[in-house]
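Written below as structure tokens is the structure these notes are about.
The values are calculated or read from the model by the stated rules, or taken from the named source; none is laboratory data. Computed from a predicted structure; not experimentally measured. Ideal geometry is used to build each Cβ from the backbone, glycine not excepted, and the neighbour counts take in all protein chains shown.
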Amino acid sequence: MGKPAIVIYAPTASGKSEFSVCLALRIGGEIISCDSMSVYRDMNIGTAKPLEFLNIVKHHLIDILEPGEYYDAKLFTEQADECLYSVKERGRFPIIVGGTYLYLQALLYGLAETPEPNRSLREKLYRLAALKGGAFLYDKLRVIDRKYAEKIHPNDVRRVVRALEVFVESGKPFSSFHNWGKPRLKYEGFYLRWSWEALSERIERRVELMFKYGLVEEVRGLLERGFKGFLTSAQAIGYKEIVPYLEGKVSLEEAKAQVVRNTKRYAKRQIRWAKGKNLVEVDMEKLGLSGGIDFVMSYLSSRGIV
């Protein structure tokens, strides 16, 4: 059980999936997805789910829920821990791959036990958000817990409500329950770095391909199954922007532009999270895929890991 986990972290559209599959083939690894949206079935195009790689290398925590089912960092950590154990037990390297930094933070550094959910309080907060707007609650959160507020999107009502709920129940900021110090597991982490100009171009190309390969049809099918509330949530980037188009409120080009804008905003938050973390940078523009893999292999070899 001595094999460390390998972490491949990067913002969206960085090529994490292909990189991690190539690395897994080199070192005998299995991939544990750290993506808050890839856990949902039938959400393939908008999540850029690595379908073409699933039969090449074993992947975990992909397609495990129906859209709309509740999932959070605590549930992810519990399930990822089980995956880590089983992968290591088979003598394989667990490769944690993704860009959902709140989940990765929880897995690597842990979450302290927060108060049990208060359903009544939660419903009151949701009603308040509906009455006065999500920005009203977000402003309250900024006052009591600026550290956590800066890590989430102002429109992410679900996370804002949970943070306020914890504060009311415990009297402590939600961020105080997060362990930002000693890692809870042994890992070697890598950050796939691109310049902002190159990453922006990659995001724009990815969005074009999503529309080409049927993103609108995917969203239409999910709406027909009754998942509008989930698709219009703040976390559903690549989906929530298509709903107004299907309702005739915006043009297709406007919807596409909004997907690009929101994806870039999220990528900037992903990049900010990586700063100061224990991650070795891999310069993808300089090294490319093959060179990047060789760089990681060389680093792991120098540490006596492979």
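Name the single residue that is nearest to Arg272 (Cα to Cα) among those in the range 127-172 being hydroxyl-bearing (Ser, Thr, Tyr) and surrounded by 15 or more Cβ atoms within 10 Å (Cβ to Cβ).
Looking at the filtered set, the residue picked out is Tyr148.
Before we move on, is Glu113 charged (D, E, K, R), within 22 Å of the chain's Cα centre (by Cα), modelled with pLDDT of 95 or more and over 23 Å from Thr12 (Cβ atoms)?
So Glu113 does not fit the description; no.
Pick from the range 229-256 the residues that are touching a Pro at 6+ places or on another chain (Cβ under 7 Å) and modelled with pLDDT of 95 or more: which of them is farthest from Tyr40 (Cα to Cα)?
Val250
Anything in the range 105-148 that is of a type in the set (S, T, N, Q) and over 25 Å from Cys34 (Cβ atoms)? List them, or say none.
Residues satisfying the conditions are Asn118, Ser120.
Given the residues Lys186, Lys147, which is the only one that is in the same structural domain as Ile271 (by TED's automatic domain parsing) and among the charged types (D, E, K, R)?
After applying the criteria, what remains is Lys186.
Among Lys58, Lys3, Lys16, Lys49, which is of a type in the set (Lys, Arg) and at pLDDT below 95?
Lys3
State the number of residues belonging to the range 26-63 that are among the acidic types (Asp, Glu) and under 15 Å from Cys83 (Cα atoms).
Qualifying residue count, the range 26-63: 3.
List, please: which pairs have Cβ atoms under 6 Å, are six or more places apart or on different chains, and start with a residue in the range 293-306 that is among the β-branched types (Val, Ile, Thr) and end with one that is part of a helix (DSSP H, G or I)?
Listed by first residue and then by second, the contacts come to Ile293/Cys22; Ile293/Leu23; Val306/Ile27; Val306/Leu300.
For Ile45, indicate whether it is touching a helix residue (DSSP H, G or I) at 6+ places or on another chain (Cβ under 6 Å) and either more than 14 Å from Val21 (Cα to Cα) or surrounded by 15 or more Cβ atoms within 10 Å (Cβ to Cβ) (or both).
Yes.
Somewhere in the range 286-299, is a residue touching a strand residue (DSSP E or B) at 6+ places or on another chain (Cβ under 9 Å), modelled with pLDDT under 95 and under 24 Å from Arg202 (Cβ atoms)?
no
Based on this model, can you work out whether Glu30 counts as closer than 29 Å to Val219 by Cβ and either of a type in the set (Asp, Glu) or assigned to a loop (DSSP other than H, G, I, E, B) (or both)?
No: the conditions fail for Glu30.
Is it the case that some residue within the range 78-101 is outside the structural domain of Leu192 (by TED's automatic domain parsing), assigned to a loop (DSSP other than H, G, I, E, B) and either within 17 Å of the chain's Cα centre (by Cα) or not aliphatic (A, V, I, L, M) (or both)?
No, that holds for no residue.
Filter the range 68-84 down to the residues that are in contact with a strand residue (DSSP E or B) (Cβ under 9 Å, 6 or more places away or on another chain) and at pLDDT below 95 and list them by number.
Gly68, Glu69, Tyr71, Ala73, Lys74 - these are the residues of the range 68-84 that are in contact with a strand residue (DSSP E or B) (Cβ under 9 Å, 6 or more places away or on another chain) and at pLDDT below 95.
Which condition number in (1) out of contact with any Gly (no Cβ under 8 Å at 6 or more places or on another chain); (2) in contact (Cβ under 8 Å) with a residue 40 or more places away in the chain is the one that Tyr109 fails?
Condition (1) is where Tyr109 drops out.
Of all residues in the range 237-282, how many are loosely packed, with under 15 Cβ neighbours inside 10 Å and in contact with a Gly (Cβ under 8 Å, 6 or more places away or on another chain)?
So the answer is 2.
When the range 132-173 is examined, which residues are found to be in a helix (DSSP H, G or I), among the small types (Gly, Ala, Ser) and over 20 Å from Glu113 (Cα atoms)?
Hits for the range 132-173 are Gly134, Ala135.
Taking the condition small (Gly, Ala, Ser), in contact with an Asp or Glu (Cβ under 6 Å, 6 or more places away or on another chain) and surrounded by fewer than 20 Cβ atoms within 10 Å (Cβ to Cβ), does Ala234 pass?
Considered against the rule, which asks whether it is small (Gly, Ala, Ser), in contact with an Asp or Glu (Cβ under 6 Å, 6 or more places away or on another chain) and surrounded by fewer than 20 Cβ atoms within 10 Å (Cβ to Cβ), Ala234 comes out as yes.
Which of the residues spanning the range 53-91 are crowded, with 17+ Cβ neighbours inside 10 Å and among the basic types (Lys, Arg)?
Lys88
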